[in-house]
Amino acid sequence: MDHVISGVARFQNEVYPEKRETFAKLANGQNPEVLFITCADSRIDPNLVTQTEPGELFICRNAGNIVPPHSNETGGMTASIEFAVAALGITDIVVCGHTDCGAMKGAIAPEQLDNLPHVKEWLGHCRSATEVVRHRHGDLCKDHLEEVTCENVLQQIQHLRTHPAVAVGLASGNLTIHGWVYNIASGEVLYHNDKSGEFEPMDEAYRQRLLRQAQAKES
């Protein structure tokens, strides 16, 4: 804990003074463009991976980067998604999974989670992903972790589409959803290519496509 407290001191004495104007603007409100949904894993730092500043990402984190399907039962994710899209007017949502995900390991072997009943129930939202992979291979094991991770991102995107604010944004063309997977060991980020149906490395063509989409939304 000492290094955390020392970090606060460095922030106040060194970082904050250099960005005083930025924080002064943020003190009066936020205007993020991107809702970034990712895992609560301590190894994931959305701002570091995307090289963004405070105020640029509206971040939601939980075990397994899960988005429960919309229901009449209010939850933290449901409220956060609604606020980000309907109130803040974000234009893009990223669902970002990652390698070596403990939640996905638990989804693959839920029988090992009997002493973690809330975790086990929460990971029920991943079941469609694990069943798809099981169907492809006839079984399910730790060797399928990467495939389950990717499939889970796609499953959570489907859940996102059930949220009314998201459905409206997609129908109006004002909202775009992206599926990513971050490789902790290599730093590589894969994106889901809707045309090929595969997760592929980010390249200049992908970046240019996103740029064109952003310009089209602004025009």
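Within the range 189-212, the only residue that satisfies the criterion of being surrounded by 13 or more Cβ atoms within 10 Å (Cβ to Cβ), farther than 15 Å from Cys150 by Cβ and of a type in the set (A, V, I, L, M, F, W, C) is Leu210. Reported count of residues in the range 161-171, each being aliphatic (A, V, I, L, M) and open to solvent by 50 Å² or more (accessible area, probe 1.4 Å), is 3.
For Asn174, the conditions (1) within 13 Å of Ile93 (Cβ to Cβ); (2) crowded, with 16+ Cβ neighbours inside 10 Å are fulfilled apart from (2). Kindly evaluate Arg61 against the criterion of being exposed (fewer than 13 other Cβ atoms within 10 Å of the Cβ) and basic (Lys, Arg). In short, no.
Listed by first and then second residue, the pairs with beta-carbon distance under 7 Å, at least 6 apart or on different chains, first residue in the range 31-43 and free of Cβ contacts under 8 Å to residues at least 60 places away in the same chain and among the small types (Gly, Ala, Ser), second surrounded by 13 or more Cβ atoms within 10 Å (Cβ to Cβ) and part of a strand (DSSP E or B), are Ala40/Arg61; Ala40/Asn62.
Taking (1) touching a residue at least 60 places away in the same chain (Cβ under 8 Å); (2) farther than 20 Å from Arg43 by Cα in turn, Val95 satisfies each apart from (2). Those strands (runs of 3 or more DSSP E) of the range 131-219 in which at least 2 residues are farther than 21 Å from Asn47 by Cα and touching a strand residue (DSSP E or B) at 6+ places or on another chain (Cβ under 8 Å), considering only elements entirely within it, cover 198-201.
The values are calculated or read from the model by the stated rules, or taken from the named source; none is laboratory data. Small disclaimer: the values here were computed from a predicted structure and weren't measured. Cβ sites come from the backbone with ideal geometry, for glycine too, and all protein chains shown count toward neighbours. Surface areas here come from the heavy atoms of the whole protein model, side chains and all, with no ligands, DNA or RNA. Shrake-Rupley method; radii C 1.70, N 1.55, O 1.52, S 1.80 Å.
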